[in-house]
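Here's the structure, in structure tokens; my notes come after.
The values are calculated or read from the model by the stated rules, or taken from the named source; none is laboratory data. Note that this is a predicted model, so its numbers are computed, not measured. Here the Cβ is made from the backbone with ideal geometry for all residues, glycine too, and neighbour counts use every protein chain on show. Areas reflect the complete protein model, heavy atoms only, side chains present, ligands, DNA and RNA absent. Shrake-Rupley method; radii C 1.70, N 1.55, O 1.52, S 1.80 Å.
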Amino acid sequence: MKKETFYIGKKEVKIPLFQGGMGIGISLGGLAGAVAKEGGVGIISISQIGYREPDFYQDTLTANLRAIHKELQKAREIAPDGIIGFNIMVAMNQYEEHVKEAVKAGADIIVSGAGLPVDLPKYVEGSDVALAPIVSTEKSAKVILKYWDRKYHRTADVLIIEGPKAGGHLGFSSEQLETFTTDSYHEEVRQIIKVVREYERKYNQKIPVILGGGIQNRDDYRQAMALGVDGIQVATRFVTTEECDADVRYKQAYIKAQKEDIEIIKSPVGMPGRAIRNEFIKRVEREGRIPPKRCFQCIHTCDPGKTPYCITEALIHAAKGELTDALLFCGSYAYNADKIETVKEVIDSFHFF
């Protein structure tokens, strides 16, 4: 395919690939740095990023803010000239504090979803960090771009579309997940691109559109590009890499998973999510509720007295490889993983140019 690159700020995206943010602790500085070194965009997940810090359980916010700097520095050491940023969920508490700390640390880009990041421009005011809202539908694209235009007189620097085959939390209702077909969602993508092009013309600037969700190989990449997007977002393929920051037992869970093990669950965050059906999910179904041992006050939609389980606890167990107590988020095709690869091998398999 023809090589068509674009820029984030003054840095060229050498291959049209964003590595999707995966938390807790799955995409940190190691994975993001490795992807950036190969010419893609490496994304560190900020969700409870400081879970390995010694004071995490005593002072979670301070531990997280400190770890933002540590993980970005780690990635920069791997890819000094690479493009590296953070994924920050709108649904998290202290969203503003995390965004401002990411800017202070020197992020090139902030990717933000799990809700619409309506006030993100305010939190980065005075910086040159690029902003990439995540949307899943034409409606959400219209809302966020119109809001930024009217209130902040600016537009997105990049727009990321996450489709119904993505992993982790999904920006769809359960009904939408059941009704969207491949063809109907491709039409949704085309409509989102039309919305973006309106704002490109208004602001006389390129707004790269990146498509993610179930993109596993060269054919998926070519199909995505044929829709008119500028690049792809890949996450699941990078879990089973040597450089992925998760415990090897987490990676092996993907390799062992079968097609029938992948299912949609209802997350305590209040959104549908895609995960590997394991003993933890079965236990939640049997017992109805696993009361949290402590509250991290991580998500503003969570009621610790009613939540079926603590998502922070479950995801930390996953990152540590403690699988019997873990929520194992994944993409639709996680079951295709059959070996541990390097980041370079995964990227080369797409045959970008």
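A compact table of results
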| quantity | calculated |
| --- | --- |
| Condition met for ARG277 (on the phi < 0 side of the Ramachandran plot, open to solvent by 70 Å² or more (accessible area, probe 1.4 Å) and of a type in the set (Lys, Arg)) | yes |
| Residues of region 305-332 classified as open to solvent by 60 Å² or more (accessible area, probe 1.4 Å) and either free of Cβ contacts under 8 Å to residues at least 40 places away in the same chain or farther than 25 Å from ILE78 by Cα (or both), total | 3 |
| Single unsatisfied condition, PHE353 versus (1) modelled with pLDDT of 90 or more; (2) part of a loop (DSSP other than H, G, I, E, B) | (1) |
| Any hit, region 227-238, residues being open to solvent by less than 70 Å² (accessible area, probe 1.4 Å) and free of Cβ contacts under 8 Å to residues at least 40 places away in the same chain | yes |
| Condition broken by GLN19, with the remaining ones in (1) of a type outside the set (Gly, Ala, Ser); (2) touching a residue at least 12 places away in the same chain (Cβ under 8 Å); (3) surrounded by fewer than 24 Cβ atoms within 10 Å (Cβ to Cβ) satisfied | (3) |
| Tally of residues being in a helix (DSSP H, G or I), open to solvent by 10 Å² or more (accessible area, probe 1.4 Å) and either more than 19 Å from SER349 (Cβ to Cβ) or in contact (Cβ under 8 Å) with a residue 24 or more places away in the chain (or both) across region 203-225 | 4 |
| Filter result (surrounded by fewer than 20 Cβ atoms within 10 Å (Cβ to Cβ) and under 17 Å from GLU313 (Cβ atoms)) within region 45-55 | ARG52, GLU53 |
| Given (1) surrounded by fewer than 24 Cβ atoms within 10 Å (Cβ to Cβ); (2) in contact with a Lys or Arg (Cβ under 8 Å, 6 or more places away or on another chain), number of the condition LYS74 does not satisfy | (2) |
| Whichever residue in region 22-44 is among the β-branched types (Val, Ile, Thr) and out of contact with any Leu (no Cβ under 8 Å at 6 or more places or on another chain) and, among such residues, is surrounded by the most Cβ atoms within 10 Å (Cβ to Cβ) | ILE43 |
| Any hit, region 180-202, residues being assigned to a loop (DSSP other than H, G, I, E, B), of a type outside the set (D, E, K, R), closer than 28 Å to GLY23 by Cα and in contact (Cβ under 8 Å) with a residue 60 or more places away in the chain | no |
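For every residue, the table says whether it meets (1) surrounded by fewer than 20 Cβ atoms within 10 Å (Cβ to Cβ); (2) closer than 16 Å to GLN191 by Cα; (3) free of Cβ contacts under 8 Å to residues at least 12 places away in the same chain.
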site	(1), (2), (3)
LYS100	yes, no, no
GLY106	yes, no, no
LYS122	yes, no, no
VAL135	no, yes, no
GLU138	yes, yes, no
LYS146	yes, yes, yes
THR155	no, no, no
ILE160	no, yes, no
